[in-house]
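Asks: The structure follows.
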Amino acid sequence: MRDCLFCKMVSGKIQPQLVRTTEECIAFRDIHPQAPTHILIVPRRHIATLNELTAADGPLLGKMLLLAREIAADEGIAESGYRVLMNCNAGGGQTVFHIHLHLLGGRQMTWPPG
Ligand code: AMP
Ligand code: ZN
């Protein structure tokens, strides 16, 4: 997708602060971190929202979650705890329409979220 910010990061046109790359995903630090650790896990394939996912994407979603878990361990927040979430559409707080998991940690997370 030509005008998608995260597709530009996948292609290298824009260079985020990468923490991991895999065959199917990239992970980088959020530019406006909401916690000491705030990393985005992004599939290389353009998928606009959670609503566009199908059963065939199950393995990809599993890999995204497992990558979040591995990065949490690398960041030293696995034991203290962390939050993984995906916003969907405007009402869910989504601003970049290429799906991504947020990995947040390094501080006490509160509930309910804003
Ligand atoms: P969401 O609101 O769930 O769509 O999340 C989009 C996230 O992308 C926000 O947390 C933004 O801070 C983050 N973001 C936007 N532009 C950039 C960028 N150039 N590099 C890294 N993160 C970004
Ligand atoms: Zn995209």
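The values are calculated or read from the model by the stated rules, or taken from the named source; none is laboratory data. Keep in mind that this is a model prediction, so the values were computed, not measured. Because the Cβ atoms are built from the backbone with ideal geometry, glycine has one as well, and the counts that use them run over all protein chains shown. Surface accessibility is based on the protein's heavy atoms, side chains included, excluding ligands, DNA and RNA. Shrake-Rupley method; radii C 1.70, N 1.55, O 1.52, S 1.80 Å.
Asks: Please give the number of the condition PRO33 fails out of (1) more than 15 Å from ligand 1 (Cβ to nearest atom); (2) free of Cβ contacts under 8 Å to residues at least 12 places away in the same chain.
Replies: Status for PRO33: all satisfied but (1).
Asks: Do we find a residue being without any contact (Cβ under 8 Å) to a residue 60 or more places away in the chain and within 16 Å of ligand 2 (Cβ to nearest atom) anywhere in the stretch 64-81?
Replies: Among the residues of the stretch 64-81, at least one is without any contact (Cβ under 8 Å) to a residue 60 or more places away in the chain and within 16 Å of ligand 2 (Cβ to nearest atom), which makes the answer yes.
Asks: Hey, another quick one. When you check ARG29 against the structure, is it out of contact with any Lys or Arg (no Cβ under 7 Å at 6 or more places or on another chain), at pLDDT 95 or above, within 13 Å of ligand 2 (Cβ to nearest atom) and over 13 Å from LEU101 (Cβ atoms), yes or no?
Replies: no
Asks: Within the stretch 30-53, how many residues are open to solvent by 80 Å² or more (accessible area, probe 1.4 Å) and farther than 19 Å from GLY81 by Cβ?
Replies: Result for the stretch 30-53: 6.
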